[in-house]
DNA sequence: AAAGCTAATCTAAACGTTTCGATTTAGTCA
DNA sequence: TGACTAAATCGAAACGTTTAGATTAGCTTT
């Protein structure tokens with residue numbers, strides 16, 4: 001900017017005023033400045049600017065895994081929303097690891113992001129502290145933090161799973177295997193209670209042996225499904241609490257020489273673009289990713305636009321059961337036949 | 001930092017020295033500084049630091065679409081690599097739009113990123129200019145820019161498609177539909193020549209009517225496949241030049257009441273995690289995403305570490321044909337039977 | 001014609017670091 | 001003891017902007 005000012009024979013203040021349009025600059029000087037900018041190929045240094053004005057127009061976004069299609073989609077929507085609003089987004093993947101997450105958040109805060117969107121992983125003092133008394137607005141995505149009430153948008157996980165399990169029950173399934181992630185994140189807890197209560201309202205007992213816990217990865221889904229399907233009294237249906245794990249589960253089914261839905265019905269949480277193209281067409285619980293992303297963005301943008309006083313908001317969206325053909329109806333006796341097999 | 005200095009009764013220079021370990025600081029002062037930092041909850045302002053030292057430890061990454069599984073995977077790998085190296089990454093999606101891309105690159109440059117990784121879309125003066133005389137190192141990913149020789153890592157698209165088409169020919173297919181994106185990006189051109197030459201070496205004529213061009217989106221794949229499959233003399237196989245378009249193509253096959261591979265064989269460029277789980281298990285060309293991501297990152301990191309003199313490097317990786325069961329062998333006469341049907 | 005406005009431009013301080021060179025302190029050696 | 005050296009600490013300038021307030025010039029108004 002100094003060079004531009006010199007070339008245009010004006011002060012840097014005038015150049016700044018011209019660029020930002022803060023004051024009217026005469027025709028003559030405008031022309032000279034414009035020309036100098038072009039000649040020099042000047043670009044405003046956003047770092048210096050940020051230092052002075054105290055805002056970076058950048059937000060931080062952390063997700064566990066970008067390859068999980070749910071997060072891929074949400075990240076995409078959020079990215080677009082902030083792009084439109086003139087913000088850049090720094091993306092961090094925490095890899096389902098708590099210390100990674102702490103590190104990433106620290107990094108983002110150091111870089112003076114104006115706001116933070118966190119799809120947290122695990123629980124930890126640092127996160128709570130950050131969310132509690134960070135001087136930047138943060139909105140929690142998908143996963144809440146106990147006892148912390150910042151802005152957040154989440155799914156009604158309980159209801160969604162309740163509906164899905166009820167659907168399986170109506171088809172006649174009685175032994176429904178359940179593959180979950182660890183209960184240190186809210187969605188896994190809420191999904192589990194949905195399962196629990198659906199069984200309960202159908203008058204079925206909760207069978208511990210039908211529930212397997214993994215670490216949300218494909219490999220865990222594989223192991224879990226292998227175990228479930230090797231049970232003497234094999235489940236006739238399997239529910240997977242996320243998408244990567246269902247891929248593992250499907251591979252287990254394949255490797256055991258079984259097929260879906262003939263031998264075992266399958267439902268999973270989170271829809272994906274291929275679901276209705278290949279066979280079996282998987283019945284899934286679709287999260288409204290577009291809405292989730294947009295609401296998350298707009299919650300944060302609202303704070304960034306100065307609305308800091310409003311009490312914290314909790315948005316709860318509904319999932320939708322996408323019934324396809326990965327679940328088959330069971331005759332009254334079929335269940336018993338299958339379990340004897 | 002000023003506050004810390006005051007609280008610890010030292011100068012800011014000493015605090016800085018302590019934090020960065022640039023000079024030895026006495027036990028006593030170290031203790032006081034450490035305590036002051038903790039009490040105040042001080043965090044170093046990376047913006048101010050960047051302004052002073054002239055580096056942001058941030059890189060910019062632009063891709064057309066993050067929801068395309070190829071880019072999802074590559075972004076994920078790149079993200080990890082830079083994370084390890086202590087860099088943050090700013091992610092931008094250009095949405096296959098040239099002016100978007102210009103805008104995004106401008107934005108990243110304004111923000112003083114230390115380097116740029118660009119999976120470009122379209123062609124344009126601004127990009128060429130940027131790549132040519134940006135004062136930051138840039139590496140091109142997946143798609144090259146004609147006449148610009150910066151560092152880049154690309155696939156041997158020609159060979160990969162040649163192999164895939166040859167495979168179809170060996171199965172007895174003679175009429176192979178080809179769904180491509182616009183030819184303004186190198187991979188689409190190179191893939192096309194692979195198709196072309198495979199036909200040529202089999203002594204087959206190139207049939208214009210079997211090639212449909214779209215805009216890389218699912219919807220385009222749908223339209224293209226619809227047209228191809230409605231031809232009087234319908235192709236017995238379809239090749240899709242990217243992943244999103246094959247999803248559209250599969251939907252078209254489904255909607256026409258046809259099935260794969262019985263009625264039409266399908267191969268697509270880019271593998272995806274579900275490929276071998278559902279039916280038909282799609283035969284694909286898998287790009288070595290891990291290697292691509294890592295090489296791209298290491299090329300850029302090398303420049304960032306000061307190796308600015310080395311001549312530009314062009315890394316070419318090989319794709320791999322993942323043969324599954326979406327292509328069926330054709331008897332000598334089957335082709336004719338199918339075309340008559 | 002003097003005083004008062006307005007519009008345009010400028011000067012200089014500030015944002016929070018890093019870093020160079022200066023200063024202080026303590027220790028060593030002749 | 002005095003000069004010299006090394007170690008520790010500090011003062012102040014610099015990075016490239018923004019912005020408040022000062023200054024100047026050109027008009028109106030009386």
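The values are calculated or read from the model by the stated rules, or taken from the named source; none is laboratory data. Given the structure is predicted, the values throughout are model-derived calculations rather than measurements. Glycine also receives a Cβ, built like all others from the backbone with ideal geometry; neighbour counts cover every protein chain displayed.
Suppose we filter B:72, B:67, B:56 for residues that are out of contact with any strand residue (DSSP E or B) (no Cβ under 6 Å at 6 or more places or on another chain), within 16 Å of residue A:108 (Cβ to Cβ) and within 7 Å of another protein chain (Cβ to nearest Cβ); which single one remains? Going through B:72, B:67, B:56 in turn, the sole match is B:56.
Any residue at all in segment A:317-329 that is within 11 Å of another protein chain (Cβ to nearest Cβ), touching a helix residue (DSSP H, G or I) at 6+ places or on another chain (Cβ under 9 Å) and surrounded by fewer than 22 Cβ atoms within 10 Å (Cβ to Cβ)? No - not one qualifying residue is present in segment A:317-329.
With respect to the conditions (1) within 7 Å of DNA strand D (Cβ to nearest atom); (2) in contact (Cβ under 8 Å) with a residue 12 or more places away in the chain, residue A:30 lacks only one, and its number is (1). Looking across segment A:88-100 at every residue that is without any contact (Cβ under 8 Å) to a residue 40 or more places away in the chain and in a loop (DSSP other than H, G, I, E, B), the one that is nearest to DNA strand D (Cβ to nearest atom) is identified as A:94. For segment B:1-11, taking the residues that are near DNA strand C (Cβ under 8 Å from one of its atoms) and in a loop (DSSP other than H, G, I, E, B), the one that is modelled with the highest pLDDT is identified as B:11. When A:254, A:234 are screened for being touching a residue at least 12 places away in the same chain (Cβ under 8 Å) and either within 14 Å of chain B (Cβ to nearest Cβ) or assigned to a loop (DSSP other than H, G, I, E, B) (or both), only A:234 passes. Output the residue which, of all residues in segment B:101-134 that are in contact with a helix residue (DSSP H, G or I) (Cβ under 6 Å, 6 or more places away or on another chain) and assigned to a helix (DSSP H, G or I), is surrounded by the fewest Cβ atoms within 10 Å (Cβ to Cβ). Result: B:126.
Residues of segment A:164-172 include none that is touching a residue at least 60 places away in the same chain (Cβ under 8 Å), over 23 Å from residue A:325 (Cβ atoms) and part of a loop (DSSP other than H, G, I, E, B).
Only helices (runs of 4 or more DSSP H) whose full extent lies in segment B:12-83 are considered here, and the ones with at least 1 residues that are more than 13 Å from DNA strand C (Cβ to nearest atom) and touching a helix residue (DSSP H, G or I) at 6+ places or on another chain (Cβ under 9 Å) are B:27-40.
Here is the figure for segment B:14-27: residues that are exposed (fewer than 12 other Cβ atoms within 10 Å of the Cβ) and within 6 Å of DNA strand D (Cβ to nearest atom) total 3.
Among the residues of segment B:261-268, is there at least one that is touching a strand residue (DSSP E or B) at 6+ places or on another chain (Cβ under 9 Å), surrounded by fewer than 17 Cβ atoms within 10 Å (Cβ to Cβ) and in contact (Cβ under 8 Å) with a residue 24 or more places away in the chain? No, segment B:261-268 contains no residue that is touching a strand residue (DSSP E or B) at 6+ places or on another chain (Cβ under 9 Å), surrounded by fewer than 17 Cβ atoms within 10 Å (Cβ to Cβ) and in contact (Cβ under 8 Å) with a residue 24 or more places away in the chain. Do we have any residue at all in segment A:135-153 that's within 11 Å of residue A:241 (Cβ to Cβ) and either in contact with a helix residue (DSSP H, G or I) (Cβ under 7 Å, 6 or more places away or on another chain) or free of Cβ contacts under 8 Å to residues at least 40 places away in the same chain (or both)? Looking for residues that are within 11 Å of residue A:241 (Cβ to Cβ) and either in contact with a helix residue (DSSP H, G or I) (Cβ under 7 Å, 6 or more places away or on another chain) or free of Cβ contacts under 8 Å to residues at least 40 places away in the same chain (or both), one finds none in segment A:135-153, hence no.
Taking segment B:33-52 as the range and being within 13 Å of DNA strand D (Cβ to nearest atom) and within 14 Å of another protein chain (Cβ to nearest Cβ) as the test, the residues that pass are B:45, B:46, B:47, B:48, B:49, B:50, B:51, B:52. Would you mention how many residues in segment B:87-103 are more than 8 Å from chain A (Cβ to nearest Cβ) and modelled with pLDDT of 95 or more? Residues that pass the stated criteria total 1.
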